[in-house]
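Data first, discussion second: the structure below is written as structure tokens.
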């Protein structure tokens, strides 16, 4: 198992990563504004399960496929972009009652929101490459099972993510309630969510691998 110094160094790197605004934080915040904190946490849970999947793939060597077979990277990238555009279309065509966090309003089921967060994460090949690039730096093959060490690092990353993104969710859901109290702003959350999905799709489709 990694020693305390290694875990502390990784935790510091994870904190810097989680505290830096990025696609995941933007998606979590926009979902929280549009549908409330329960959906924000469901999105976060889906993303974090996706992180475990990427970590497991890295442990099994599957993530290296994106390095040796460029077409595999592009297939996943474009599939992810297409899925995000579909979510953007769904959000923008929905009525305000579906997405606005008002009492008694119809909402997307939590399970659906969770799956959206999970698929958005899984269909982002850059996340796989990130895990493959960062995690091995904190793994010692002589300290036990490499797979267990990688999953432990993923757990540390997710725990820090809960703290950072939890604060984002609580703040963003409060903004959503403020929007819902103003009739003329009733559609603002769903427009924000659709715009975020569309923006992430464009970013994923055109942001070449570094």
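Observations
- Filter result for residue 117 (in contact with a helix residue (DSSP H, G or I) (Cβ under 6 Å, 6 or more places away or on another chain), under 22 Å from residue 19 (Cβ atoms) and surrounded by 15 or more Cβ atoms within 10 Å (Cβ to Cβ)): yes
- Here is the figure for the stretch 1-57: residues that are surrounded by 24 or more Cβ atoms within 10 Å (Cβ to Cβ), more than 15 Å from the chain's Cα centre (by Cα) and in a helix (DSSP H, G or I) total 3.
- Failed criterion for residue 60 (all others in (1) more than 15 Å from the chain's Cα centre (by Cα); (2) under 23 Å from residue 163 (Cβ atoms); (3) touching a residue at least 12 places away in the same chain (Cβ under 8 Å) hold): (2)
- Test: residue in the stretch 108-115 that is more than 17 Å from the chain's Cα centre (by Cα) and either at pLDDT 80 or above or under 22 Å from residue 36 (Cβ atoms) (or both): yes
The values are calculated or read from the model by the stated rules, or taken from the named source; none is laboratory data. Note that the structure is a prediction, hence the values are computed from the model and not measured. Neighbour counts are summed over all protein chains in view; Cβ atoms, including those assigned to glycine, are modelled from backbone coordinates with ideal geometry.
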